[in-house]
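Laboratory data are not the source of any read-out in this text; all were calculated from the coordinates shown. Everything numeric here is computed off the predicted structure, so don't read it as measured data. When we count neighbours, we look across all protein chains shown, and the Cβ atoms used for this are built from the backbone with ideal geometry, even at glycine.
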């Protein structure tokens, strides 16, 4: 800029150059764009079935990252720490982006740590309605390969040392 020039004629910086000319009037639209006050973090409660079937290994920006107690598959469960949410589309747009980012981060770390043939990612929620995302390492020849893991056989508990080592390795992969 030349000496004495003004910045008043320069365009303003915008993130998302979209002007909103009117407020949404639809109740449905209003319910989708929930703000933080509508589901404060301290109102979040973990569903008792998720609490019983998994153990928390760390918290990410949005989620409680949990390890399934069933050792037949390295199986992580991501639970967004938001109250009364059952569907991904009920999250705010920012939380949807965070969930996508964290899912990629967790899936990539799980594949690296386990050397899995395939990583399965699913958010089903037909039985446990609280929004949660399964991230499961699958291997050719594992229990029920290539079929789904749900409803197959009986869960098998981890040996404490193997569980603790897996958790340590996952934490290292996720924080490096």
Where labels lie 7 Å past Cα in the beta-carbon direction, separation of residue 165 and residue 43 in nm: 4.4 nm
Please compute the modelled spin-label separation between residue 53 and residue 94, points set 7 Å along Cα→Cβ, answer in nm with one decimal. 3.2 nm
What FRET efficiency comes out for the pair residue 175/residue 84, r = Cβ-Cβ distance, R0 = 45 Å, nearest 0.05? 0.90
May I ask you to order 134-141, 117-124 by the average number of other C-beta atoms within 10 Å around their residues, highest value first? 134-141, 117-124
Take each of the peptides 84-97, 157-170, average the number of other beta-carbon atoms within 10 Å over its residues, and list them starting from the highest. 84-97, 157-170
